Amino acid sequence: MPRYKLTIEYDGTGLLGWQRQPMGPSVQEILETAVERFSGACAFVQGAGRTDAGVHATGQVAHVDLERDYRPYVVMSAINHHVKPAAVAVIAAERVPDTFHARLSANHRAYLYRILNRRAPPAVERNHVWHVPVALDVDAMIEGAAHLIGHHDFTSFRAAECQAKSPMKTLDRLAISRVGDEIRIVPEARSFLHHQVRNIVGTLKLVGAGQWRPDDVKRALDARDRSAAGPTAPPDGLYLTRVGYPAEAMLEQESRDLVDTDTDDDVE
């Protein structure tokens, strides 16, 4: 069966996240319904990351196996036609080898968290940013974030219901910048624990607001206790922006190497 890699963007507002849920609409259900409508056959759409309710994506990746061999632009156009009126779009489609797996083959994930840091609430960007009306010190947040970069036990920043086998993760990058009234936080890693990004953002907000010192972030990390870190930031400001993969020639070996490795990316 031909396999297609799909790059997807979606507005998570009003959706229950990526994964199909019995109690309401999800991105996966919307895409699988669209595939069935145009192809006439049921298909499983495997995503690279299971984003939670209210989380958005500009670069989610998935793969799907189809019974017929379609040109990639036909797959993209047909899905986009049948997902309407949902705020979900396939922005690229390509044929890939059977060894490609959207989740297991991924070796890098990047997220963006947006904080609107001004007194007035958002109007146009409502449901797409976290509105924090108190002034935040970005330099202090950067200093605090430095303690989290590298390979650590992130127990203090994982959700209680996280199903990952190990709390050990390597955070490759945690960039923070201010653009006008917006603070942008960009974490990058091979994979993340459930709510890891949102718990990090909630903690750094305390630092920016002066409620914590930057060194308190290291104290929370070393505690290996969820109650030692800050609150979970809301899903509104979180975006999955990019999923990276090794070269095509490496995909088969990469997939074999990862079968028994915990690569769940449950971020939010």
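Only one entry in 182, 143 is closer than 17 Å to residue 220 by Cβ and surrounded by 14 or more Cβ atoms within 10 Å (Cβ to Cβ), namely 143.
Checking the stretch 185-208 against the condition returns a match, with at least one residue being in contact with a Ser or Thr (Cβ under 9 Å, 6 or more places away or on another chain), farther than 25 Å from residue 10 by Cβ and surrounded by 18 or more Cβ atoms within 10 Å (Cβ to Cβ).
Do you know which residues across the stretch 112-153 are closer than 16 Å to residue 212 by Cα and outside any loop (DSSP other than H, G, I, E, B)? Across the stretch 112-153, the qualifying residues are 138, 139, 140, 141, 142, 143, 144, 145, 146, 147, 148.
Can you spot a residue in the stretch 237-253 that is more than 23 Å from the chain's Cα centre (by Cα), assigned to a helix (DSSP H, G or I) and modelled with pLDDT of 95 or more? No; the residues of the stretch 237-253 include none that is more than 23 Å from the chain's Cα centre (by Cα), assigned to a helix (DSSP H, G or I) and modelled with pLDDT of 95 or more. Criterion applied to 93, 78, 62 was being modelled with pLDDT of 95 or more, in a strand (DSSP E or B), touching a Phe, Trp or Tyr at 6+ places or on another chain (Cβ under 7 Å) and not assigned by TED's automatic domain parsing to the domain that holds residue 208, and the one residue passing it is 93.
The residue list 118, 109, 3, 71 contains one member that is within 30 Å of residue 200 (Cα to Cα), surrounded by fewer than 19 Cβ atoms within 10 Å (Cβ to Cβ) and among the charged types (D, E, K, R), which is 118.
If you scan the stretch 18-36, which residues turn out to be closer than 14 Å to residue 79 by Cβ and modelled with pLDDT under 95? Of everything in the stretch 18-36, nothing turns out to be closer than 14 Å to residue 79 by Cβ and modelled with pLDDT under 95.
The values are calculated or read from the model by the stated rules, or taken from the named source; none is laboratory data. Quantities reported herein were computed from a predicted structural model and do not represent experimental measurements. Because the Cβ atoms are built from the backbone with ideal geometry, glycine has one as well, and the counts that use them run over all protein chains shown.
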